[in-house]
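Heads up, the thing below is written out as structure tokens.
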Amino acid sequence: MKIVIVGGVAGGMSAAARARRLAEDAEIVVLEKDDYVSFANCGLPYHVSGEIPDRADLLVQTPQSLRRALALDVRTASEAIAVDRDAKTVRVRNSDGEYDLAYDALVLAPGARAIRPPIPGIDSPLVHTLRTVPDADSVRALLESGASRAVVLGAGFIGVEAAEALRARGLEVALVDLAPHVLPPLEDELASLLHRELVRNGVSVHTGVSAEAVEQPDGNRSAEVVLSDGTRLPADVVLLSVGVRPNSSLAAAAGLTLGPTGAIRVDSEMRTSDPAIWAVGDAVEVQHGVTAALGPIPLAGPANRQGRRAADAIVRTLQGQDDGACAAPPAVLGTAIVRVFGLAAAMTGANRAALEAAGIEHHSVHVHPNNHAGYYPGATQLHLVVHFGTDGRILGAQAVGKDGADKRIDVLATAIRSGMTADDVAELELSYSPPFGSAKDPVNMAGFVAQNVLAGVLDLWYPWQLEAVQAESLVLDVRSPGEYASGHLPVAVNVPHTRIRERLSEIRELAAGRPVRVLCASGFRSYLAHRMLTAAGLDSANLSGGMLTMRAARPDLVLEADRAPALTAR
Ligand SMILES: Cc1cc2nc3c(=O)[nH]c(=O)nc-3n(C[C@H](O)[C@H](O)[C@H](O)COP(=O)(O)OP(=O)(O)OC[C@H]3O[C@@H](n4cnc5c(N)ncnc54)[C@H](O)[C@@H]3O)c2cc1C
């Protein structure tokens with residue numbers, strides 16, 4: 001049994017190790033075009049920052065350790081340059097020349113390659129990507145040679161991590177993205193919290209603009225990045241992280257089927273359109289676990305699991321057993337997390353844009369609970385958004401906070417994977433004592449709010465409806481007079497929630513037949529008010545997540561501040 005694997009990092013090495021555990025007699029060759037295998041690419045930003053000071057810590061395995069532990073034949077500096085599917089051979093190029101390697105099963109795990117926008121100056125020696133150990137070496141070398149200004153192009157996960165790392169090394173850092181906000185997959189009401197955190201930590205953030213050129217006059221050791229709005233950002237180092245494309249050229253040249261995004265098409269067992277070739281990782285097309293959209297989702301967890309799954313299927317196939325594949329590729333939820341200085345942002349499942357693109361009807365709830373019991377010292381606020389279908393099924397969730405975003409999103413990822421509904425999530429029994437959580441965990445809280453929406457007990461309105469709401473409704477701010485005075489929507493009338501019952505007729509008069517749209521700080525007091533107004537027969541809805549969500553979703557909103565709000569003076 002001869003298994004050849006192209007690509008020796010996440011997906012490829014998982015496939016190799018699993019294949020060995022299942023088939024002691026298999027001959028397993030791993031081809032890696034670079035000098036390192038099984039390295040911790042996810043750790044590269046933390047090596048740049050100095051948090052992982054020792055480069056050797058990134059090199060999780062070596063060809064020698066893999067030979068000793070798993071009897072793998074790992075060939076570095078060996079690039080697979082062609083596949084002859086009829087002969088079942090791979091053409092390999094190394095420093096000595098080229099040779100053909102025969103396979104019974106071939107695994108393609110070539111990962112992704114960085115997108116290089118075709119702008120003038122992009123090939124300047126100051127422009128670097130951060131995908132390999134040598135990339136990290138070059139960036140560190142520039143820092144050690146005195147670089148003091150960095151421009152990071154792309155504010156996705158790696159761009160944001162790189163910006164943080166470069167600030168940690170004391171550089172002036174500008175972060176640029178064409179999207180309207182940092183971390184484009186994040187909902188804007190959460191992304192703005194990260195934007196603030198980046199700025200608070202000295203990163204200059206430029207969103208909604210593209211880099212048009214990198215200008216480095218001859219002989220200069222620094223460059224200027226020219227943005228589409230005319231801004232010129234000085235740079236001693238430019239980090240390029242505007243996204244990746246599946247590395248599928250070898251597969252394409254071999255005539256394997258690719259999807260429209262250029263990713264390699266596979267079935268549920270990671271088999272390509274050739275029954276002797278499997279593919280895994282960033283190079284393959286997966287199915288989104290909520291929207292069913294097809295495309296690559298480049299993350300380490302799926303790559304590792306796909307490598308394992310491919311090895312299972314290969315060994316079963318080569319042992320003459322039915323592989324039990326189905327045509328659909330594996331489902332991936334895109335569960336991810338990133339640290340942004342003092343905050344973490346985590347997400348799973350579909351965001352609003354993906355749900356809308358897929359035409360999936362849904363509701364969204366925003367809650368802002370503490371990460372653990374508020375009375376226990378050190379509690380911090382978590383901002384959690386959960387999307388769910390009209391049938392109650394959880395479709396997506398995102399969280400930002402200092403602490404506890406990871407565990408809530410992991411619970412919700414599990415909930416989505418198992419098809420749980422708002423009712424299920426409300427009933428989840430999660431570990432609790434004051435230093436760790438709350439008797440009603442933030443995940444339960446989101447479930448309760450979702451249940452209320454589905455039961456018709458709670459109608460919500462959202463920051464993106466603000467203009468229509470202000471034009472057509474009575475906006476009722478039910479916070480205390482002091483909170484109202486500290487900043488409120490210009491048209492909002494203040495009646496504290498404790499005084500709604502006694503002032504119902506006044507509210508009805510002010511509404512004059514219009515709907516009443518209620519809000520408070522986080523959505524709870526206004527929920528109480530909403531119930532009173534609904535019981536009184538008024539058309540009421542509550543601002544999801546209250547002013548916390550409003551301020552985050554509409555950071556440019558100009559609030560009014562009064563010393564003595566007239567309408568509360570009774
Ligand atoms: C800086 C950075 C940080 C990241 N952080 C995270 C994170 O925190 N969480 C997360 O989930 N994901 C993270 N990722 C993404 C994650 O690393 C990838 O999704 C994962 O490594 C993909 O695995 P893969 O096996 O498909 O490709 P890779 O791990 O990239 O491996 C592909 C390998 O194939 C080799 N190769 C390509 N073509 C050939 C060829 N023709 N012949 C021989 N070898 C070839 C390449 O040299 C490469 O070493 C990060 C990625 C980077 C770059």
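The values are calculated or read from the model by the stated rules, or taken from the named source; none is laboratory data. Note that this is a predicted model, so its numbers are computed, not measured. No Cβ is skipped: glycine too gets one built from the backbone with ideal geometry, and neighbour counts run over all protein chains shown. The accessibility values were calculated without ligands, DNA or RNA, using every heavy atom of the protein model including side chains. Shrake-Rupley method; radii C 1.70, N 1.55, O 1.52, S 1.80 Å.
State the answer as a single residue: which of Val237, Ala168, Gly121 lies farthest towards the positive end of the charge dipole of the chain, with beta carbon charges of +1 for Lys and Arg and -1 for Asp and Glu, about the Cα centre.
Checking the options against the dipole of the chain, the answer is Ala168.
I'd like the GluC sites (Glu not before Pro) in segment 461-568 restricted to DSSP loop residues with at most 15 other Cβ atoms within 10 Å, sorted by number. Walk me through the numbers on the way to the answer.
Numbers: sites: Glu467, Glu472, Glu483, Glu502, Glu506, Glu509, Glu560; in loops: none.
Sites meeting the loop and neighbour criteria: none at all.
Taking amide H atoms as placed 1.01 Å from N in the peptide plane, list the residues 5 or more away in sequence, or in a different chain, whose amide H sits under 5 Å from that of Trp278.
Leu106, Val107, Leu108, Thr272
I'd like the Kirkwood hydrodynamic radius of segment 223-295, using the inverse of the mean 1/r over distinct C-alpha pairs, in Å.
Numbers: mean 1/r = 0.0679 Å⁻¹.
One decimal place: 14.7 Å for the Kirkwood radius.
Please report the net charge: other residues with Cβ closer than 11 Å to the Cβ of Arg91, K and R +1, D and E -1. Don't skip to the end; give the middle numbers.
On the way: positive: Arg93; negative: Glu79, Asp84, Glu98, Asp100.
So the environment of Arg91 carries a net charge of -3.
At 222 nm, what value in deg cm²/dmol follows for the chain if DSSP H runs of at least 4 each add -39500 (n - 2.57) and the sum is divided by all its residues, to the nearest 500? If you can, show how the numbers build up before the last one.
Values: 17 runs with 165 residues, N = 570.
That comes out to -8500 deg cm²/dmol.
Suppose a student asked you for the relative contact order of segment 320-448, using Cα pairs under 8 Å spaced at least 6 residues apart; what percent would you report?
On the way: 247 pairs, mean separation 31.6, N = 129.
Relative contact order for segment 320-448 comes out at 25 percent.
Please compute the net charge surrounding Ser273, taking Lys and Arg as +1 and Asp and Glu as -1 over other residues with Cβ under 12 Å from its Cβ. Mind dumping the intermediate values first?
On the way: positive: Arg85, Arg265, Arg271; negative: Asp267, Asp274, Glu285.
Charge balance near Ser273 sits at 0.
For the chain, what log10 I(q)/I(0) values come out of the Debye formula at q = 0.08, 0.09, 0.11 1/Å, with one point per alpha carbon and no solvent?
With one equal scatterer per Cα and no solvent, log10 I(q)/I(0) is -0.64, -0.79, -1.08.
In the chain, what percent of the accessible surface is made up of carbon and sulfur (1.4 Å probe, ligands and nucleic acids excluded)?
In the chain, the share of accessible area belonging to carbon and sulfur is 51 percent.
Magnitude of the Cβ-charge dipole of the chain, K/R +1 and D/E -1, about the Cα centre, nearest 20 debye?
Result for the chain is approximately 1020 debye, rounded to the nearest 20.
Mean Kyte-Doolittle hydropathy of -1.0 or higher plus an axial Cα length of 20 Å or more: which whole DSSP H helices in the chain meet both? Could you put the intermediate results ahead of the total?
On the way: long enough: 300-318 (27 Å, -0.53).
Span-like helices in the chain: 300-318.
Length gain on complete extension for the stretch Asn201 to Glu27, per 0.36 nm per residue less the alpha carbon to alpha carbon distance? List each step's numbers first, then the result.
Values: separation 174, 0.36 × 174 = 62.64 nm, distance 5.17 nm.
Extra length available between Asn201 and Glu27 comes to 57.5 nm.
Which three extents, in angstrom, do the Cα atoms of segment 286-351 have along their principal axes, listed largest first?
53, 23, 13
Starting from the eigenvalues of the Cα gyration tensor, five times each then square-rooted, give me the equivalent ellipsoid semi-axes of segment 382-458, largest first, whole Å.
On the way: eigenvalues 77, 35, 27 Å².
Values for segment 382-458, descending: 20, 13, 12 Å.
Roughly how far apart, in whole Å, are the Cα centres of segment 67-129 and segment 318-372?
Computed from Cα coordinates, the inter-centre distance equals 30 Å.
Based on the Cα atoms of segment 406-533, what semi-axes does the equivalent ellipsoid have, where each is the square root of 5 times one gyration tensor eigenvalue, given in whole Å with the largest first?
Working: eigenvalues 215, 54, 38 Å².
Over the Cα atoms of segment 406-533, the semi-axes work out to 33, 16, 14 Å.
Determine which aspartates and glutamates satisfy two conditions relative to Lys407: a Cα distance under 18 Å, and not lying fewer than 8 residues away in the same chain.
Asp424, Glu427, Glu429, Asp441
Please compute the modelled spin-label separation between Thr390 and Asp73, points set 7 Å along Cα→Cβ, answer in nm with one decimal.
Distance between the two pseudo-spin positions: 6.0 nm.
Given the C-alpha centroids of segment 210-264 and segment 144-208, what is the distance between them in whole angstrom?
17
If you take every DSSP beta bridge fully contained in segment 418-564, what fraction is antiparallel? Give it as a percent rounded to 5. Please list the in-between numbers first.
Values: 1 of 12 bridges.
Approximately 10 percent, going by the DSSP bridge assignments.
Using the heavy atoms of the protein chains alone and a 1.4 angstrom probe, what is the accessible area of segment 1-128 per residue in square angstrom?
46
Please identify the trypsin sites (Lys or Arg not before Pro) of segment 185-232 that satisfy two criteria: DSSP loop assignment and at most 16 other Cβ atoms within 10 Å. Which are they? Could you put the intermediate results ahead of the total?
Numbers: sites: Arg196, Arg200, Arg221, Arg232; in loops: Arg221.
Taking segment 185-232 and a limit of 16 other Cβ atoms within 10 Å, the loop trypsin sites (Lys or Arg not before Pro) found are Arg221.
Which ³J(HN,Hα) values, rounded to whole Hz and listed in residue order, are derived for segment 460-476 from phi using the Karplus coefficients 6.51, -1.76 and 1.60 in 6.51 cos²θ - 1.76 cosθ + 1.60 with θ = phi - 60°, glycine and proline given as x?
10, 10, 10, x, 6, 9, 3, 4, 5, 4, 5, 6, 10, 10, 8, 8, 10
Want the number for Ala213 to Val60: 0.36 nm per residue separation, take away the alpha-carbon distance, what's left? Don't skip to the answer; put the middle values down first.
Numbers: separation 153, 0.36 × 153 = 55.08 nm, distance 3.75 nm.
My answer for the length gained is 51.3 nm.
With contacts defined as alpha carbon pairs under 8 Å and 6 or more residues apart, what's the relative contact order of segment 475-560 in percent? Before the final figure, lay out the partial values.
Numbers: 129 pairs, mean separation 28.1, N = 86.
Computed over segment 475-560, the figure is 33 percent.
Put +1 on the Cβ of every Lys and Arg and -1 on every Asp and Glu Cβ in segment 345-476; which of Val443, Trp461, Pro377 then has its Cα farthest towards the positive end of the dipole?
The residue sitting most towards the positive pole is Pro377.
To the nearest µm²/s, what D does Stokes-Einstein give for segment 45-158 at 25 °C and 0.890 mPa s, using the Kirkwood radius over alpha carbon pairs as Rh?
Working: Rh = 17.7 Å.
The diffusion coefficient I find is 138 µm²/s.
May I ask for the equivalent-ellipsoid semi-axes of segment 162-213, computed as the square root of five times each C-alpha gyration tensor eigenvalue and listed largest first in whole Å? Each step should come with its number before you reach the end.
Working: eigenvalues 66, 44, 12 Å².
That gives 18, 15, 8 Å for the three semi-axes.
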